[in-house]
1. Can you pull the one-decimal nm distance between simple spin-label points at Gln334 and Ser131, each 7 Å off the Cα toward Cβ?
2. Beyond 19 Å, what share of the Cα-Cα pairs of region 448-499 is found? Please give it as a whole percent.
3. If you average the sequence gap of Cα pairs under 8 Å that are 6 or more apart and divide by the length of region 219-267, what percent do you get for the contact order?
4. Apply the Karplus curve 6.51 cos²θ - 1.76 cosθ + 1.60, θ = phi - 60°, to the phi angles in region 321-332 and return the couplings in whole Hz, x for Gly and Pro.
5. Give me the aspartates and glutamates in straight-line cross-link reach of Lys346: C-alpha distance below 16 Å, same-chain residues under 8 apart excluded.
6. Once the principal axes of the Cα atoms of region 337-433 are found, what is the range along each, listed largest first in whole angstroms?
7. So what is the relative contact order for region 64-161, in percent, with contacts set as C-alpha pairs under 8 Å and at least six apart?
8. Cβ neighbours within 10 Å, averaged per peptide: list 210-219, 430-439, 115-124, 169-178 in order, most packed at the top.
Amino acid sequence: MSQRGDCISFHASACSRPPDPSRRIFMPANPPFDDTEDNSNAPGLVASARAGDNAEPFSVSEISAQLKRTVEDRFGFVRIRGELSGVKRAASGHLYASLKDDKARIDAVMWRGSVDRLAFQPEDGLEVVASGKLTTYPGRSNYQIVIERMEVAGEGALLALLEKTKQRLGAEGLFDAERKRRLPLLPRTIGVVTSPTGSVIRDILHRLADRFPSHVMVWPVIVQGKGSAEQVAAAVRGFGAIEPGGALARPDVLIVARGGGSIEDLWGFNEEVVARAIAESPIPVISAVGHETDTTLADFAADTRAPTPTAAAEMAVPVRADLAGWISELGQRQRAATGRTIDLGKERLAARAERLPDSESLLQPYAQRLDELAERLRRGLVDRARTGRERLAGLRLSPAVLEGHLRQARHALAAQRLAPQLVLGPLARRRESLAALARLAEQLHPDKPLARGYVRVMAGDGATLTSAAGARKADLLRLKFADGIVDAVPQGRSPPAAHRPKRAKPSAAGQEDLFG
């Protein structure tokens, strides 16, 4: 390689012996030449040793290794402050990025073990302080820093990262007011996500016992340091995964709580994984992280923010005494409202009753009308009787008048012509109906089936028996056949005296009298 002015030349060839780092390979840009034609320093076609030069050329790998050792020995531990750029997480878990300022840039790599120990999520534009060692990467002939530890460069950078994450999650709608849910009035079970050893859980339990004793489930987590965000997110999702109505009671409301501290102490509640877990929780969440002046992403994602853990307990449940008083007041108001309704009804009924006329006033027109009709009826009957008497008196009954009426009646009767069909038609129809009834009576006659081998069973008085129970009660059974009647006695019963056979009277000599 040659440049204008001073020239630096590197000769690459296979070398069997290790190079001597004390030897320099820098050659003067304008070496002295002889005026003779046999100048040994003149460039030739084939590389060869020059006069006074006893340095063997390095290979590319050798010079790269020398540079790597030199850089690592000189910069075995450095701390660099710069802005992250081109952050990329490989599938292997390693992190690749660049650190830059307004004038320079250096590549950076962070191995998986160191990445897993990070307390924040690296992203472009974040100003950090990286600690590690410088090294070279021969494959690209560049140098880079291997980061072993990386921290945010001060609270200003941390707040900038927080604001950037807040804007990104807010653009997704995680903090929208429409997503906020109302807290239940009387939760049966309250879930608390906090440290089991701090004063926060004691304050919450004490406040709940004072206001409204409730069933409390505590999911213990670490609330600061590495892994705190993952544990808090897992606890929120764990409470939400409990099936309603199962053996384990599902909380009706969650309290995510932590005491006060610096922004670094509270950073676990600013992690994206915590904000997403709270926003996706099927259970309403109260965020009570830090003091009143502390604000985290968990507060924005939660349904309700409490300034302190104690205030979160106050928001979760009402005061039992106040609730009892409120219920009593509602009962009194209900009774008063019912009484007012009844009183108002009584007043309205009394007012309407006062406006109603009395019964005599209502019946007076009808009574007067009745009297008028009765008088008219009396007069009408009197007039009708008088008229009848007058007509009767005007009639003169004589034989001639009666004979005249009789003649008129005979003429009217003779004028009536009765056709025979008017009489014979109904008579024939009635005759057919009577014949049909006679045939039906013949078919239904109880003695009709006797000719086919049936027997009609009758009691002694001639009544037909239709059941075995009735036959057992009878003293005498009469079996009517088609050709006659046979008397029979039910089994176990004796015949009546009138139907018993007569015995012959014995003679004086002890013999029977054949003549009765």
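We did not get these values from a lab; they are worked out from the coordinates using the rules stated. All of these numbers come straight from a predicted model, not from anything done at the bench. Every residue, glycine as well, gets a Cβ built from its backbone with ideal geometry; the counts of neighbours run over all protein chains shown.
1. 6.8 nm
2. On the way: 327 of 1326 pairs.
Result for the distance tail: 25 percent.
3. Numbers: 26 pairs, mean separation 16.7, N = 49.
About 34 percent, as a whole number.
4. My calculation for region 321-332 gives 5, 4, 5, 4, x, 5, 5, 4, 5, 5, x, 5 Hz in order.
5. Glu354
6. Principal-axis extents of region 337-433 (Cα, largest first): 90, 55, 16 Å.
7. Values: 191 pairs, mean separation 29.4, N = 98.
Once divided by the residue count of region 64-161, the mean separation gives 30 percent.
8. Details: 210-219: 16.6, 430-439: 10.1, 115-124: 15.0, 169-178: 11.9.
Most protected by this proxy first, the peptides run 210-219, 115-124, 169-178, 430-439.
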